[in-house]
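Data first, discussion second: the structure below is written as structure tokens.
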Amino acid sequence: MRPHTISVLVENRPGVLSRVAGLFTRRGFNIESLAVGTCEEPGGMSRITAVVIADDEIIEQVKKQLNKLINVIKVSDITYTSHVAREIALVKVAAEAGQTRAEVMQLADNFRARIIDVGTRTVVLEVTGGDTGKIDALVSLLRQYGIKELVRTGKIAMPRGSKTVSPKK
């Protein structure tokens with residue numbers, strides 16, 4: 001079993017996300033990450049990017065079942081397609097002025113993270129990674145300073161070059 005990145009183009013309607021997530025739940029799969037947002041298509045469409053760990057055969061079944069759902073326009077497994085992927089995390093770290101703050105800022109620089117907020121006792125970092133490893137590594141190193149809050153987007157992805165996940169069935 002391996003992680004599969006599934007891109008689902010859907011009508012932007014109430015309950016669609018619930019039905020899509022419910023299908024994975026009924027099949028007994030945990031969604032490793034889930035990101036949803038409006039997309040380039042006119043007419044109120046959204047793109048759902050889900051990462052699920054499963055065998056290729058199971059993913060094929062899930063794709064067929066997703067395509068049967070009302071409001072689902074197109075389903076693509078882009079796992080084996082050349083694609084670009086990103087995940088974003090915001091990390092609020094305890095960082096009093098002085099040596100600790102300097103160390104946190106140096107870690108941010110080493111990981112190409114941006115400092116987006118500085119408080120009297122905390123610093124908020126924004127880090128973007130093509131895979132979860134970079135973000136996991138930074139989070140692991142920041143734990144020694146005291147992570148106050150952490151939020152991650154989940155993976156978003158799209159095919160490279162001129163290939164697209166077209167709205168056409």
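If only one of V123, V91, V36 is more than 17 Å from the chain's Cα centre (by Cα) and surrounded by 12 or more Cβ atoms within 10 Å (Cβ to Cβ), which one is it?
V123
When you go through (1) outside any strand (DSSP E or B); (2) touching a residue at least 12 places away in the same chain (Cβ under 8 Å) one by one for A102, which number turns out not to apply?
Unmet for A102, out of (1) outside any strand (DSSP E or B); (2) touching a residue at least 12 places away in the same chain (Cβ under 8 Å): (2).
Could you please let me know if S7 is free of Cβ contacts under 8 Å to residues at least 40 places away in the same chain and assigned to a strand (DSSP E or B)? Show your work before the answer.
Values: free of Cβ contacts under 8 Å to residues at least 40 places away in the same chain: no; assigned to a strand (DSSP E or B): yes.
Here the answer is no, as S7 does not meet what is asked.
For the condition farther than 27 Å from M1 by Cα and not aromatic (F, W, Y), what is the one hit in D77, D109, D136?
Among D77, D109, D136, only D109 is farther than 27 Å from M1 by Cα and not aromatic (F, W, Y).
Please count how many residues of the range 126-143 are among the hydroxyl-bearing types (S, T, Y) and either crowded, with 19+ Cβ neighbours inside 10 Å or touching a strand residue (DSSP E or B) at 6+ places or on another chain (Cβ under 7 Å) (or both). If you could, list the steps in order and put the result at the bottom.
Applying the first criterion (among the hydroxyl-bearing types (S, T, Y)) to the range 126-143 yields 128, 132, 140.
Imposing the further condition that a residue be either crowded, with 19+ Cβ neighbours inside 10 Å or touching a strand residue (DSSP E or B) at 6+ places or on another chain (Cβ under 7 Å) (or both) reduces the set to 128, 132.
Number of matching residues: 2.
If R143 passes every condition in (1) touching a residue at least 12 places away in the same chain (Cβ under 8 Å); (2) of a type in the set (D, E, K, R); (3) outside the structural domain of R27 (by TED's automatic domain parsing) but one, which one does it miss?
Here R143 meets the rest and fails (1).
Inspect all residues belonging to the range 117-133 and state whether any of them is more than 30 Å from C39 (Cβ to Cβ) and in a helix (DSSP H, G or I). Please lay out each step first, then the result.
Filtering the range 117-133 for residues more than 30 Å from C39 (Cβ to Cβ) gives 118-123.
Retained after the next criterion (residues that are in a helix (DSSP H, G or I)): none.
For the range 117-133, residues more than 30 Å from C39 (Cβ to Cβ) and in a helix (DSSP H, G or I): absent.
Could you please find all residues in the range 1-46 being touching a Pro at 6+ places or on another chain (Cβ under 8 Å) and farther than 20 Å from K155 by Cα?
Pass one, the range 1-46, residues touching a Pro at 6+ places or on another chain (Cβ under 8 Å): 9, 32, 41, 45.
Within the range 1-46, just E41 meets the criteria.
Of the residues L66, L17, L34, only one is of a type outside the set (D, E, K, R), in a helix (DSSP H, G or I) and in contact with a helix residue (DSSP H, G or I) (Cβ under 8 Å, 6 or more places away or on another chain); which?
Numbers: L17 fails: in contact with a helix residue (DSSP H, G or I) (Cβ under 8 Å, 6 or more places away or on another chain); L34 fails: in a helix (DSSP H, G or I).
The match here is L66.
A97: among the hydrophobic types (A, V, I, L, M, F, W, C), more than 16 Å from E32 (Cβ to Cβ) and at pLDDT below 90, yes or no?
Values: among the hydrophobic types (A, V, I, L, M, F, W, C): yes; more than 16 Å from E32 (Cβ to Cβ): yes; at pLDDT below 90: yes.
For A97, the condition - among the hydrophobic types (A, V, I, L, M, F, W, C), more than 16 Å from E32 (Cβ to Cβ) and at pLDDT below 90 - is met.
Where residues in the range 112-121 are at pLDDT below 95 and of a type outside the set (K, R), which of them is farthest from M158 (Cα to Cα)?
Taking the candidates together, the pick is T120.
The values are calculated or read from the model by the stated rules, or taken from the named source; none is laboratory data. Just so it is clear, the structure is predicted and the values come from calculations on it, not from any experiment. For neighbour counting, all protein chains shown are included, and Cβ atoms are generated from backbone atoms with ideal geometry for every residue, glycine included.
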